[in-house]
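This report refers to the structure that appears directly beneath it.
The values are calculated or read from the model by the stated rules, or taken from the named source; none is laboratory data. What you see is a predicted model, and the numbers here were worked out from it, not measured in a lab. A quick note on method: Cβ atoms are made from the backbone with ideal geometry, for glycine too, and the neighbour counts reach across all protein chains shown. SASA here: full protein model, heavy atoms, side chains in, ligands and nucleic acids out. Shrake-Rupley method; radii C 1.70, N 1.55, O 1.52, S 1.80 Å.
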Amino acid sequence: MEMNFLKRVLADDSNADGGYYFCDNTSTSKADVVVVSVPWSVTADYGRGATYTPDAVIDATTKFGNYDAWSAISLEGRVATAEIDYNIQELSEQLGRDAERVAQVGEGGSFTGDYALRKVKSINEGFDKMHRSTYEQVQRYAKQGKVVAVVGGDHSVSYGAVKALAECNKGLGVLFVDAHTDFAHEGEVFNFSHRTIARNIIEDMPLVERLVAVGVRESSRGESERVKGEPKVELFPAESLAQARFEGKSWGELCREIVDRLPQKVYISFDIDALKIEFCNNTNAPVPGGMTFDEAIYLINCVVTSGRKIVGFDITEVVPDLKNTMDATVAARLLAKMIVAAVK
């Protein structure tokens, strides 16, 4: 999928503000929410697909109004678009191809050759650069009192954002909405990947008070065992939630139980594959089952109605498609709803 959505959008004279989320060119100093774009996807799809998500979501946000009728909140003048670092996108494309070659070497049974080791080293260094870039941007705006939204990219982009916000918000909790546990360890070649992000947060960030994972419906044995042994992790698997509903509990009751496990300040990390497949046809690792869009929004709103504060959030693993724009459209609508919840 060799494309740059932003170039296509900016070429459209009918959309002069196409370079901004929601066509809103409010400055970062005046906005309530700053959207940081991280066009990175090295291990999820080897540099393709989700690398182009920020541009696609920007495009999609220009296709609907910025007024939320349900909450009677307008986003106009509230949202700023941080400058996008396209060097990160170019690095992602290059390292994605390298990661694919390393995977092919691994299928042959060995990562000990000089070629593979050099590639692994450069990919790990690339991750460090991406994390540092994301961390610095998020920290800058968080220190200004802004809510920071991150649009990925694959789920590894959450690392720098969570680290920065945990340092700025004592006792931060992470609401981790994902179809996968993302606690992988054994067999991982790289220091970071989209499959290790929850583990990386727990192991590397002592300032994170708790991680509450919701909607998980795929996990290895090793991941499941590690999660059970982590006192900071609380898991609400999809099947447990479904069983409770089949036996008479409402979604509202379940959401309140989930939110009760969170501390006062919350970061929401939302992998789009937490939703049912019809909302994210192109995502890298779809799993049958999942939430509807409305159920996800209800859960997010429960964080706010509980009196807790959303200090930041991300949307990841969205893979855009020029022929079928559903994935980007859903992500854009989700972004709008999460911004509304955060400023509410």
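A few remarks follow.
- Residue check, Leu262 modelled with pLDDT of 95 or more, over 19 Å from the mean Cα position of the chain (by Cα) and open to solvent by less than 60 Å² (accessible area, probe 1.4 Å): no
- Every condition in (1) in contact (Cβ under 8 Å) with a residue 40 or more places away in the chain; (2) within 17 Å of Ser269 (Cα to Cα) holds for Tyr141 except the one numbered (2).
- Inside the stretch 294-323, residues that are within 18 Å of the chain's Cα centre (by Cα) and among the polar types (S, T, N, Q) make up a count of 2.
- Leading residue by the ranking (nearest to Ala99 (Cα to Cα)) among those in the stretch 116-135 that are open to solvent by less than 90 Å² (accessible area, probe 1.4 Å) and within 17 Å of the chain's Cα centre (by Cα): Phe127
- Test for Val340: is it β-branched (Val, Ile, Thr), out of contact with any Phe, Trp or Tyr (no Cβ under 6 Å at 6 or more places or on another chain) and in contact (Cβ under 8 Å) with a residue 40 or more places away in the chain: yes
- Within the stretch 236-259, the set of residues being in contact (Cβ under 8 Å) with a residue 40 or more places away in the chain, within 24 Å of Ala341 (Cα to Cα) and open to solvent by less than 70 Å² (accessible area, probe 1.4 Å) comprises Ala238, Trp251, Gly252, Cys255, Ile258, Val259.
- In summary, Phe270 fulfils each of the numbered conditions (1) assigned to a strand (DSSP E or B); (2) open to solvent by 10 Å² or more (accessible area, probe 1.4 Å); (3) under 24 Å from Gly65 (Cβ atoms); (4) not β-branched (Val, Ile, Thr) with the single exception of condition (2).
- Residue check, Glu218 acidic (Asp, Glu) and open to solvent by 50 Å² or more (accessible area, probe 1.4 Å): yes
- Of residues in the stretch 285-306 being more than 22 Å from Thr181 (Cα to Cα) and free of Cβ contacts under 8 Å to residues at least 40 places away in the same chain, the one surrounded by the most Cβ atoms within 10 Å (Cβ to Cβ): Thr305
- Test set (1) modelled with pLDDT of 95 or more; (2) surrounded by fewer than 20 Cβ atoms within 10 Å (Cβ to Cβ) - Asn191 fails condition number: (1)
- Test for Asp321: is it within 23 Å of Tyr20 (Cβ to Cβ) and part of a loop (DSSP other than H, G, I, E, B): yes
- Among residues of the stretch 317-344 being of a type in the set (Val, Ile, Thr) and in contact with an Asp or Glu (Cβ under 9 Å, 6 or more places away or on another chain), the one that is surrounded by the fewest Cβ atoms within 10 Å (Cβ to Cβ) is Thr325.
- For the stretch 160-188, the set of residues classified as more than 24 Å from Asp32 (Cβ to Cβ) and open to solvent by 30 Å² or more (accessible area, probe 1.4 Å) consists of His185, Glu186, Gly187, Glu188, listed by residue number.
- Condition met for Phe293 (over 23 Å from Lys163 (Cα atoms), of a type in the set (Phe, Trp, Tyr) and touching a helix residue (DSSP H, G or I) at 6+ places or on another chain (Cβ under 7 Å)): yes
- Test for Asp314: is it outside any helix (DSSP H, G or I) and open to solvent by 10 Å² or more (accessible area, probe 1.4 Å): no
- Taken over the stretch 273-285, the criterion of being outside any helix (DSSP H, G or I) and under 15 Å from the mean Cα position of the chain (by Cα) is satisfied by Leu275, Cys280, Thr283, Asn284, Ala285.
- Among the residues of the stretch 68-88, the one identified as in contact with a helix residue (DSSP H, G or I) (Cβ under 6 Å, 6 or more places away or on another chain) and in a helix (DSSP H, G or I) is Ile88.
- In the stretch 215-252, residue nearest to Asn301 (Cα to Cα) [restricted to those that are touching a strand residue (DSSP E or B) at 6+ places or on another chain (Cβ under 6 Å) and of a type outside the set (Phe, Trp, Tyr)]: Gly215
- Within the stretch 139-188, the set of residues being within 14 Å of the chain's Cα centre (by Cα) and of a type in the set (A, V, I, L, M, F, W, C) comprises Val148, Ala149, Val150, Val151, Val157, Ala161, Val162, Val174, Leu175, Phe176, Val177, Ala179.
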